[in-house]
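Trainee: I'd like to ask some things about the structure below.
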Amino acid sequence: MRKTIGFIIIPILIAYIIASYTFPVMADIISPIYMFLISGIIYLQSRRIENLRIVWKLLALAMLSWGLTDLLWAYISIATNLDPNEMDLFMYLYLITDILLLINAAIYFVKNLDKWNRLQLLLDATVIMIISFALGSALFFSKIDFSEILLADFVGTVVYLSLDILILIIIVTMVASSRYKKIKIAIKYTTVAYIVYVLADLFYIDSYYSMTYVPNSISDIIFMIAFLLFTLSAVTAASDPVDYYDNSETTPNNFGKSKILWWVLIAPVGLYLMGRLSIGHLTAILFTLVIYQVMSHYVQKLLMTEILYIKEHEIKMALEKTITERTKELLISQKELEKRAITDSLTHLYNRDYFIESLNNRLKDKKPFSVAYLDLDRFKIINDLHGHPMGDLVLIEVSKRFSKQLTTDYDIFRVGGDEFAIIIPGNKAKDLEEISQRIIEIMKVPIAIDVFQFTIDASIGFARYPNDALTVSDLVKNADIAMYHAKANGAMTKHVVFSSDLIEQLERRNHIEILLKNADFKTDFELYYQPQFDSNSLEIIGMEALIRWFHTEEGFISPAEFIPIAEEVGLILAINEFVFAEAMLQIKRWNAFYNKDMVMSVNLSPLTLNSVDFYLNLKDLLEITGVNPGYLEFEITEHSAMNSSNIMEDVFRQIKALGFYISIDDFGTGYSSLSYLKRFNVDTLKIAKELIANIELHEDEMQIVKAIIKMSEALGLKIIAEGVETKEQLDILNDLNCHVIQGYYLAKPMTADALEEQFLKKDSKK
Ligand code: C2E
Ligand code: CA
């Protein structure tokens, strides 16, 4: 745009000036072209200006109006015999531009009025008015008889003059009164343009009335220059990224020291020196300026106070804002602290304290509800085998699942290491059944961390309010008891609802624990042996060692009852040592004595496998007893094998490396996945007695057993059927090609002597 101005507008202007002096008709033609171009440029620029766009559009319109008038002028002067200079019409037409420019200046002035201190502005305007009037009259109108002109041409004098003076006052006041802020370059251009325009106008009026006006003479050239300046101001405003119209500042534009005085002084003094101003005029002007200066001083003082007040207010507001922000921050951190106080740092679930607090609140409501206590089964194994960081990851994953899938309906708490609690609204069986079912679903999905996969079951105990307890401590205690029973029941994820006989059971359990701790394994325990037979020949081919405890006061205590307790309290290792040594010596002796190759099965609890010492003990025992390891087979239940990890796999491998056999006990009750059979390199499958029990009654079960046998054959595994109680079962198993039979039908577990008497001596006699 600047280039357009430089290469087109300015040359046209120069051409116009040259034409004015040499070939005025040409100047008449150039002038409207020049104006249309300028109007077009200003209009284009106005579209790029955001604020107060109207001002620039009006400016373009003013230029257009002038151009159209010029065009008419050119037409009349070229095409007709009339002299446009003689026509009053043009006086009115050019007035349109004047009016538009005034409106323009007024709009800008009013829109910006807020940025000025009014009192100072008024004062500035007044002094400028007085001085310019004094100067104006001294310069231009001294030789004109106003009363005559007034009568002769009202528009030419009153309207033109007052418009010009108004424009001048507005523009000059605004610029002259600006002190605080630098005036934007676009505004400077506009101001100069206005001043030049008004001067041209005054010059014209002056020459018009002194009858010296010649068209396309100096005053017209000055107009053209003024219009060029307007164009420049539009271009600058459009390209100035910093907005020339800015409302954010609170300090008034006219606060501070003014240079008005000096500007205003120069002119009258100069004019006086040039002899165009009388001493009287000069004195009057100087006197006005002194009064102005004194008044300004007070206004500025007032302004200062006001600004200080505003600044103070602003500081106060800023301070208040910071205080509110700080308070907010404090509130947030307080909330954070509060949250921390009630949540568990590892899992971000609610903690035990909050659990107790929540229960207390619930009790106040007196509405029925239930508490679930949930404990992860064998979580300790993960911790022991993989270390606590891994345990933590498992806990985090479990908690995540809980909060994702349960927290919408229940409050979940982590109350201890691997213990969680849930508060359930309602205490009906179906409420408890529902959540139990949901937890089963959640836990079903194996937890994958790194290369490991953990299938973790949970045991759940429920205690109901008010049915099972009325106080927080009783509720917690009873839910815990119920959970304990759920855990002791073994097998899969399960729940137990509290009932008073659970307490009796618990007491019994604690009693057995005490008895166990006081027992002397060597004298109190005995091994029984249950023979295993070849189904065809019914010849004994092996036996399972089963521990027996006959307590002097309690009588017979089932291993199904005390083995889990022994596992829990850590006595299982001592029991194992007793069982292993006894079983090894026994089978060594029997096989040697009766010249047989029978295999002795020994039960292994999963906890045993996790013990680091297990393998070393076994190795020691092997050396001490000198038994052939091929005579021994270790049984591990399907369920614990499923849950075992890679480390267990290593132990299995070590057992195998020593030469022992491995069998999977209770096969068919748990997961039917067989992948681990391969993984653990097992030798034998023992079909669970639960499956055998119904084999002659239910086709389904028969088919399952059949499938297991088929598959074992394919995998090259030995098969033992457990719990065979009838001849029918034996026959079916025979048909299905299962050749090793264990069960009451052929023999119950018995003492070594009894077994020897009934099966070995008899055999050897044969
Ligand atoms: P298990 O390993 O499943 O042992 C088989 C159980 O079934 C034995 O019960 C046995 O007496 C019983 N049984 C055998 N044939 C039949 C039958 O035809 N019908 C029925 N209904 N039952 C039959 P027991 O001796 O009471 O042992 C219970 C559990 O205690 C065992 O289950 C085993 O898990 C554990 N156990 C026994 N002795 C030991 C031991 O020395 N160490 C370890 N760690 N656990 C042992
Ligand atoms: Ca067994």
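The values are calculated or read from the model by the stated rules, or taken from the named source; none is laboratory data. Note that the structure is predicted; figures quoted are calculated from it, not measured. A quick note on method: Cβ atoms are made from the backbone with ideal geometry, for glycine too, and the neighbour counts reach across all protein chains shown.
Trainee: List pairs: first residue in region 699-727 and more than 17 Å from residue 662 (Cβ to Cβ), second residue in a helix (DSSP H, G or I) and within 16 Å of ligand 2 (Cβ to nearest atom) anywhere in the structure, Cβ distance under 6 angstrom, at least six positions apart or on different chains.
Mentor: These pairs meet every condition: 701/691; 705/691; 721/692; 723/689; 723/692; 724/692.
Trainee: Can you confirm whether residue 247 is modelled with pLDDT under 80, under 18 Å from residue 108 (Cα atoms) and not in a helix (DSSP H, G or I)?
Mentor: Yes; evaluated as a whole, the condition is true for this residue.
Rundown of residues vs (1) in a loop (DSSP other than H, G, I, E, B); (2) within 16 Å of ligand 1 (Cβ to nearest atom); (3) in the same structural domain as residue 438 (by TED's automatic domain parsing); (4) crowded, with 17+ Cβ neighbours inside 10 Å, yes/no style:
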site	(1), (2), (3), (4)
461	no, no, yes, yes
467	yes, no, yes, no
470	yes, no, yes, no
483	no, no, yes, yes
509	no, yes, no, yes
529	no, yes, no, yes
532	no, yes, no, yes
537	yes, no, no, no
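Trainee: Sort out which residues of region 539-557 are away from ligand 2 (no atom under 16 Å from the Cβ), part of a strand (DSSP E or B) and in contact with a helix residue (DSSP H, G or I) (Cβ under 9 Å, 6 or more places away or on another chain), and write them in order of number.
Mentor: 540, 549, 550, 551, 557, listed by residue number.
Trainee: Still on this structure: Can you tell me which of (1) part of a loop (DSSP other than H, G, I, E, B); (2) free of Cβ contacts under 8 Å to residues at least 40 places away in the same chain is the one residue 48 doesn't meet?
Mentor: In the conditions (1) part of a loop (DSSP other than H, G, I, E, B); (2) free of Cβ contacts under 8 Å to residues at least 40 places away in the same chain, residue 48 misses (2) alone.
Trainee: Go over the candidates 347, 324 one by one and state the one that is farther than 30 Å from residue 177 by Cα and either in contact with a Pro (Cβ under 8 Å, 6 or more places away or on another chain) or in a loop (DSSP other than H, G, I, E, B) (or both).
Mentor: Of 347, 324, the one residue that is farther than 30 Å from residue 177 by Cα and either in contact with a Pro (Cβ under 8 Å, 6 or more places away or on another chain) or in a loop (DSSP other than H, G, I, E, B) (or both) is 347.
Trainee: May I ask you to list the residues in region 708-766 that are outside any helix (DSSP H, G or I), of a type in the set (D, E, K, R) and out of contact with any helix residue (DSSP H, G or I) (no Cβ under 8 Å at 6 or more places or on another chain)?
Mentor: 748, 766
Trainee: Same structure, new question: Kindly indicate whether any position in region 575-598 is within 12 Å of ligand 1 (Cβ to nearest atom), within 56 Å of the chain's Cα centre (by Cα) and modelled with pLDDT under 95.
Mentor: Yes, there is a match, as at least one residue in region 575-598 is within 12 Å of ligand 1 (Cβ to nearest atom), within 56 Å of the chain's Cα centre (by Cα) and modelled with pLDDT under 95.
Trainee: Right, another one. Counting only residues that are under 23 Å from residue 587 (Cβ atoms) and within 16 Å of ligand 1 (Cβ to nearest atom), which one in region 511-527 is surrounded by the most Cβ atoms within 10 Å (Cβ to Cβ)?
Mentor: 527
Trainee: Pull up region 565-574, narrow it to residues that are crowded, with 16+ Cβ neighbours inside 10 Å and hydrophobic (A, V, I, L, M, F, W, C), then point me to the one that is modelled with the lowest pLDDT.
Mentor: 573
Trainee: Go through region 1-25 residue by residue and tally those that are buried (at least 16 other Cβ atoms within 10 Å of the Cβ) and within 60 Å of the chain's Cα centre (by Cα).
Mentor: 3
Trainee: Are there helices (runs of 4 or more DSSP H) fully within region 603-679 with at least 1 residues that are more than 16 Å from ligand 2 (Cβ to nearest atom), among the small types (Gly, Ala, Ser) and at pLDDT 90 or above? List them.
Mentor: It comes to 646-658.
Trainee: Only one of (1) more than 14 Å from ligand 1 (Cβ to nearest atom); (2) without any contact (Cβ under 8 Å) to a residue 12 or more places away in the chain; (3) farther than 26 Å from residue 620 by Cα is not met by residue 558, so which one is it?
Mentor: (1)
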